[in-house]
Amino acid sequence: MTKYIAAALLTLAPLAAAAFPAVGDMVGTNPEEATKALEAAGCMSPMFEAEDGKIEAKCRDAENKKWEIYIDPTSGKVAKVKADD
């Protein structure tokens, strides 16, 4: 039984990774809308600030890795995704 669970988790892992926010994804421009969209995509507990004309959302993924998601304030689309060092 355990090997079946492990196989299922390995099969689903790429799907979870693919769900993370990507450039071009629509997340919205207001904090409530963006938080809901980012968390649905696996970017947990986003905190927002303005940076270089974009909205920057700092969050963590399921593996607790830090990420910076840059959102175009006019369109509400993700403009850039980068790991937070």
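Assorted remarks:
- Taking every residue in region 45-61 that is of a type in the set (Asp, Glu) and pairing it with any residue that is open to solvent by 80 Å² or more (accessible area, probe 1.4 Å) and assigned to a strand (DSSP E or B), at least 6 positions away or on another chain, the pairs with Cβ-Cβ distances below 6 Å are GLU56/GLU49.
- Within region 50-73, the residues that satisfy the criterion of being farther than 17 Å from ASP85 by Cα and either open to solvent by 80 Å² or more (accessible area, probe 1.4 Å) or not in a loop (DSSP other than H, G, I, E, B) (or both) are ALA50, ASP52, LYS54, ILE55, ILE71.
- Failed condition for ALA17, given (1) loosely packed, with under 15 Cβ neighbours inside 10 Å; (2) of a type in the set (Gly, Ala, Ser); (3) modelled with pLDDT of 90 or more: (3)
- Within region 24-49, the residues that satisfy the criterion of being exposed (fewer than 13 other Cβ atoms within 10 Å of the Cβ) and of a type in the set (Asp, Glu) are GLU32, GLU49.
The values are calculated or read from the model by the stated rules, or taken from the named source; none is laboratory data. These numbers were taken from a predicted model, which means no experiment stands behind them. When we count neighbours, we look across all protein chains shown, and the Cβ atoms used for this are built from the backbone with ideal geometry, even at glycine. Heavy atoms of the whole protein, side chains included, go into the accessibility calculation; ligands, DNA and RNA do not. Shrake-Rupley method; radii C 1.70, N 1.55, O 1.52, S 1.80 Å.
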